[in-house]
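The values are calculated or read from the model by the stated rules, or taken from the named source; none is laboratory data. All values reported here derive from a predicted model rather than from experimental measurement. Cβ coordinates were reconstructed from backbone atoms using ideal geometry, including for glycine residues, and neighbour counts include every protein chain displayed.
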């Protein structure tokens, strides 16, 4: 999905360029309209009964707090909607619930009770309604329209779904209702095409490199050649690594405290169904390539791993006969992952990140796949971008596909992407997507 930045100002055409952006897609229109509807409208409704209410300090304070929550929710909603495969409308309610919820929690924590509940609740409901309405209206505008300049490696981009592609025949073609232009900027283009690209840029029409737009639409980073990936673009934000570790630790502590009864019941059920310990331990490759012992609930028969080589035993196949009845439910619901909260508390894992692989599989993949070890630049996670997009994989060609997703996560390492993954993980847990 293209970001709002990708829908830049198209209102200053030059000859042969006639694209125009719909007013609904402009940030200032959406945000200003949202503030008017969600913040001003409830106050106007209340003042219609008593105009003096506008002079009350609690209403004014609530309006300011509501505006702050609205802007935070708007920014979060837009940032999460930038990521590929995200149905932005589905994130409207969660993001605004979080932004307004944080302010209400702060009011409760600091015992600030002098606020207008009508204004606060009305502001939240109208914020959600406004952006849902905009989302429905925007859908009627149809898919994104992108023009393709021939030359280089642009042919593959047309296979990406969700975009109305138009291949330009000559530099004389006009751009009508087009959101941008895609070109292979590393290709040896003719002088006419280079002038065309310059005219597009001067008029405000976005010009995308084919690799940039491919990553934006697919959520994958191509890694065929070293020259295509500088380590600078793949090194994650160091400050967020530290902040994320602190958040992981606090959440893991809360989860361990709240779900301890469920974990105890699960352990007992595993012991009753089949012989052996309730916990499964396995050495895996983690942060910066260090080996650690991952802890999970055992979901397989204890003696079922005695045949075959180590690599085969480490791979879970479709409808694997080694998986127990309880184990199948645990895998589908992801309850088997809960003991990894201990790994998080020890600093070995995160809630979100590339999935850690068994050491035997990691060595195999490193021998078969270039760049594989670079996925260890961030802490491995219980869930991740590859898991919510691809599910469980084991074959080398599938792992290469997963590596593309892992590199996208590292390159776009941010709290916004983590929130998207967290919300999509909830859907994954409910549907059992990707479990084996």
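Results, tabulated for the structure shown:
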{"quantity": "Cβ-Cβ under 6 Å pairs, at least 6 apart or on other chains, segment 25-49 side within 17 Å of residue 132 (Cα to Cα), far side part of a loop (DSSP other than H, G, I, E, B)", "calculated": "25/7"}
{"quantity": "Residue 169 vs. criteria closer than 19 Å to residue 218 by Cβ and part of a loop (DSSP other than H, G, I, E, B)", "calculated": "no"}
{"quantity": "Checking residue 12 against (1) in contact with a helix residue (DSSP H, G or I) (Cβ under 6 Å, 6 or more places away or on another chain); (2) under 30 Å from residue 205 (Cβ atoms); (3) at pLDDT 80 or above, the condition it does not meet", "calculated": "(3)"}
{"quantity": "Check on residue 347, part of a loop (DSSP other than H, G, I, E, B), modelled with pLDDT of 90 or more and at positive phi", "calculated": "yes"}
{"quantity": "Top-ranked residue in segment 200-211 [being assigned to a helix (DSSP H, G or I) and surrounded by fewer than 19 Cβ atoms within 10 Å (Cβ to Cβ); ranked as modelled with the lowest pLDDT]", "calculated": "202"}
{"quantity": "Flag for residue 406 being under 19 Å from residue 291 (Cβ atoms), outside any loop (DSSP other than H, G, I, E, B) and either modelled with pLDDT of 85 or more or not assigned by TED's automatic domain parsing to the domain that holds residue 287 (or both)", "calculated": "yes"}
{"quantity": "Selected residue (only one of 133, 219 is in contact with a helix residue (DSSP H, G or I) (Cβ under 7 Å, 6 or more places away or on another chain) and either under 30 Å from residue 403 (Cα atoms) or without any contact (Cβ under 8 Å) to a residue 40 or more places away in the chain (or both))", "calculated": "219"}
{"quantity": "Those residues of segment 132-179 which are at pLDDT 80 or above and on the phi > 0 side of the Ramachandran plot, in sequence order", "calculated": "151, 152"}
{"quantity": "Subset of segment 154-174 (residues that are under 25 Å from the mean Cα position of the chain (by Cα), exposed (fewer than 13 other Cβ atoms within 10 Å of the Cβ) and in contact (Cβ under 8 Å) with a residue 24 or more places away in the chain)", "calculated": "156, 162"}
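Results for (1) assigned by TED's automatic domain parsing to the domain that holds residue 401; (2) modelled with pLDDT of 90 or more; (3) over 30 Å from the mean Cα position of the chain (by Cα), shown as yes or no for each residue.
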| site | (1), (2), (3) |
| --- | --- |
| 296 | yes, yes, no |
| 299 | yes, no, no |
| 311 | yes, no, yes |
| 318 | yes, no, no |
